[in-house]
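**Student:** Sharing a structure, written as structure tokens. Questions coming.
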Amino acid sequence: MALKLNRMVTRIILHVDMDHFFSAVEEREHLEYKGKPVIVGADPKEGKGRGVVSTCNYEARKFKVRSGMPISKAWKLCPQAVYLPVNYKLYGQVSSNIMAILRRYADKFEQMGFDEAFLDVSSRGSFEEVKRLASEIKEEILEKEKITCSIGVGSNKIVAKIASDFQKPDGLTIVAEDDVKKFLWPLPVGSLWGVGKKTERKLREMKIKTIGDLANYDPSQLIEKFGAIWGTQFHLLANGIDRSEVIEGWEAKSISREFTFEEDTDDKYLIYKTLDKLCEQVCDDVRNSRFHFKTVSIKIRYSNFETHTHSRTLPFLTSRMKDIQKTCHELIEAFLQPNRKIRLVGARVSKLVSSEKQKTLDQEI
Ligand code: TTP
Ligand code: MG
């Protein structure tokens, strides 16, 4: 009788991220913008130059304009740009079309926000085959939606995600299993999933500049500085270790709380205190309903009713208050501008799974 050997099946994960998504959609709608810097967020001439850059095209990035920057600063850097308000309805429609295309190519599919998704494509069998698939996906999106994307392929989500960002725009980066460290370690530590601006500053103070520095840092010291969950997570991710699955079937619901101040305020202490309180209430709800979450969002409404939301997906599932609060603090920072009064703040978690399901998922922590 022939001996059956259990072959180790390689996981192959593909991450797609649209290039300068909002501004790319605007460019395709307005061919006259071609070649010009385009900045989406607000018109600097209206509302006395208030508002924040949602995104900008690569022409505008040459002038150092970035997402999250006050529109008044963008105006100083690049007054010749085309400035546009955010058209969520249009981008939402384009996003749905793209997700429908991507879903068809995946064994398992997980959308992450508006413009990115993970596809588990392990059944394709080899990285060469997935390279062909990635080109096919890029072509189909370009043909049908007239915008470009960047794709990263790796043996887990963290590698695929970092790879998609590696050769933007219109990039395709394949990282074979044996090349993971060679690929990750020279990159700045800020490229790692979950490392926000504040954490990056803290890591730099510890002389950790690259992902390689982080990978080779004493893990017990990382745990001491960042706590058991984040410390361990940083150590694993920097070493290219990520066993988290592409998860389908997230709960459609989200849990949120918001608060309107009696009087509009720019008192940072009050705003952070209020946000912390909202996070506590959200967290109580999450725990009472026995959920774990992955995405955290803030909402902010200025006194002129201009409203922004901003989200971040964490590299792990959690139900801890600290994770909501820390993420909300990082997300709201860019929106707190001097002399700009705030009417309302909100906190929200989404990408929820029931705690029972969470236990069955192959999560690393
Ligand atoms: P990103 O994928 O982070 O950025 P991008 O697609 O504009 O550019 P890149 O080519 O580097 O991927 O975000 C997707 C969309 O989300 C972006 O087009 C606009 C929106 N967004 C905001 O509204 N605020 C923000 O701070 C960021 C980062 C994005
Ligand atoms: Mg993008």
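The values are calculated or read from the model by the stated rules, or taken from the named source; none is laboratory data. Fair warning: this is a prediction, and the values are worked out from it, not measured in the lab. Glycine also receives a Cβ, built like all others from the backbone with ideal geometry; neighbour counts cover every protein chain displayed. Calculation scope for accessible area: heavy atoms of the full protein, side chains included, ligands and nucleic acids excluded. Shrake-Rupley method; radii C 1.70, N 1.55, O 1.52, S 1.80 Å.
**Student:** Taking only protein heavy atoms into account and a 1.4 Å probe, give the accessible area per residue of region 189-238 in Å².
**Tutor:** Per-residue value: 47 Å².
**Student:** Moving on. Taking a probe of 1.4 Å, how large is the accessible area per residue of region 254-355, in Å²?
**Tutor:** So region 254-355 comes to 45 Å² accessible per residue, rounded to a whole number.
**Student:** Next question, about the same structure. Whole percent per 10 Å bin, from 0 to the bin with the longest distance: what is P(r) over all C-alpha pairs of region 254-355?
**Tutor:** 17, 51, 25, 7, 0
**Student:** Another question, then. Over the chain, with every protein chain in place, what whole percent of the accessible area is carbon and sulfur at 1.4 Å, could you tell me?
**Tutor:** Roughly 50 percent of what the probe reaches on the chain is carbon or sulfur.
**Student:** In Å, the Kirkwood hydrodynamic radius of region 189-238 over pairs of distinct alpha carbons?
**Tutor:** Roughly 10.3 Å, rounded to one decimal.
**Student:** For the pair Glu128 and Asp284, how long in nm is the line joining their label points, each one 7 Å along Cα→Cβ?
**Tutor:** Modelled inter-label distance: 6.0 nm.
**Student:** Tell me the label-point distance for the pair Leu90, Lys322, using the 7 Å Cα-to-Cβ offset, in nm and rounded to one decimal.
**Tutor:** Taking the simple label geometry, Leu90 and Lys322 are separated by 4.4 nm.
**Student:** Okay, moving on. I need to check one value: relative contact order of region 22-88, counting alpha carbon pairs closer than 8 Å and at least 6 residues apart, in percent.
**Tutor:** Normalised by residue count, the contact order of region 22-88 is 37 percent.
**Student:** While we're here: Give me the number: length gained by fully extending Lys277 to Asn216, i.e. 0.36 nm times residue separation minus the C-alpha to C-alpha distance, one decimal in nm.
**Tutor:** Stretched fully, the Lys277-Asn216 segment lengthens by 18.2 nm.
**Student:** Kindly identify the chain as rounded, prolate or oblate by the Cα gyration tensor criterion: order the square roots of the eigenvalues as a ≥ b ≥ c, call it rounded if a/c is under 1.5, otherwise compare a/b with b/c, prolate if a/b is larger, else oblate.
**Tutor:** oblate
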